[in-house]
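The values are calculated or read from the model by the stated rules, or taken from the named source; none is laboratory data. Being a predicted model, the structure only gives us computed values, none of them experimental. Because the Cβ atoms are built from the backbone with ideal geometry, glycine has one as well, and the counts that use them run over all protein chains shown.
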Amino acid sequence: MALAAILVSAGCRAPRAIIAPVPAALNEIEGYASLRVTMNGESARSKFSFVLEPSRRAKVDIQDWLGRTAAEIHIDEGEAYFVLRSKKVYWKALPDEIIEKFLGSRLSLQEMTSLLCGRWKGERMGDRQTLSEWTFNEDDEGRKASGRKGDFEFKVREFFPGSSVPRRLDFRSVDGRGSITVLVMAFNKPVADRLFTKDFLKDFSPKIWEDIEKILKHEN
């Protein structure tokens, strides 16, 4: 919830338009979305931008209301970092742990990618065993209209016209509920490796999540 409270607008690179349908070979996804999360009776709205390479790496940029980067999420294979550049600190954890702070439920990078782009195909997304834990309901066009894994479930409220990409979706878990509205999305655009660089971490200090949370809540 502390993370959701600081998400107001976001950056990375905002693609101009969605590309439909989703390409058969999905190598890269980038977009811009809004998020609303409710936990413990408190609600927060946000916007964020993202660049994802399915099952490999990701970067999410989060900015404050003045357009300054408030936080970043870096995921690279089995490592993930939640970074506060202004404080020169970071929290290192497993990818699903950091995604849990972001969406309120432990999802893999593969699963978060599927949730955003509507592609839930084992042969395209990677780990069949992970996808086998899900149950889905499809609409008349064969799109995944809702899904469930354990205590996490989602329901698509609106798809982009002529596409399987969700425009609006709701989700909930045992800890809370939320909604995502994808504002724009594009696929397979060239991405420079420097976008994913973590060279700056050598000058930053590692922290535990409790310390990061105190900073987000302005307790120190």
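Structure above, values below:
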quantity	calculated
Test result for LYS88, within 12 Å of ILE212 (Cα to Cα), surrounded by fewer than 17 Cβ atoms within 10 Å (Cβ to Cβ) and not β-branched (Val, Ile, Thr)	yes
Residue that is surrounded by the most Cβ atoms within 10 Å (Cβ to Cβ) [pool: residues in region 109-123 that are more than 10 Å from the chain's Cα centre (by Cα) and either among the aliphatic types (A, V, I, L, M) or not in a helix (DSSP H, G or I) (or both)]	GLY118
Exclusive hit being among the charged types (D, E, K, R) and crowded, with 18+ Cβ neighbours inside 10 Å, set ARG167, ARG148, ARG143	ARG167
Matching option when the condition is in contact with a Leu (Cβ under 9 Å, 6 or more places away or on another chain) and among the acidic types (Asp, Glu), among GLU141, GLU158, GLU210, GLU153	GLU158
Residue count for region 85-125, restricted to those that are touching a helix residue (DSSP H, G or I) at 6+ places or on another chain (Cβ under 6 Å) and of a type in the set (A, V, I, L, M)	5
Positions within region 24-65 being touching a Gly at 6+ places or on another chain (Cβ under 8 Å) and farther than 14 Å from SER114 by Cα, in sequence order	LEU35, ARG36, VAL37, THR38, MET39, ASN40, SER49, ASP61, GLN63
Any hit, region 184-196, residues being in contact (Cβ under 8 Å) with a residue 12 or more places away in the chain, surrounded by 20 or more Cβ atoms within 10 Å (Cβ to Cβ) and of a type outside the set (Lys, Arg)	yes
Residue within region 2-22 that is surrounded by fewer than 19 Cβ atoms within 10 Å (Cβ to Cβ), part of a loop (DSSP other than H, G, I, E, B) and modelled with pLDDT of 85 or more present	no
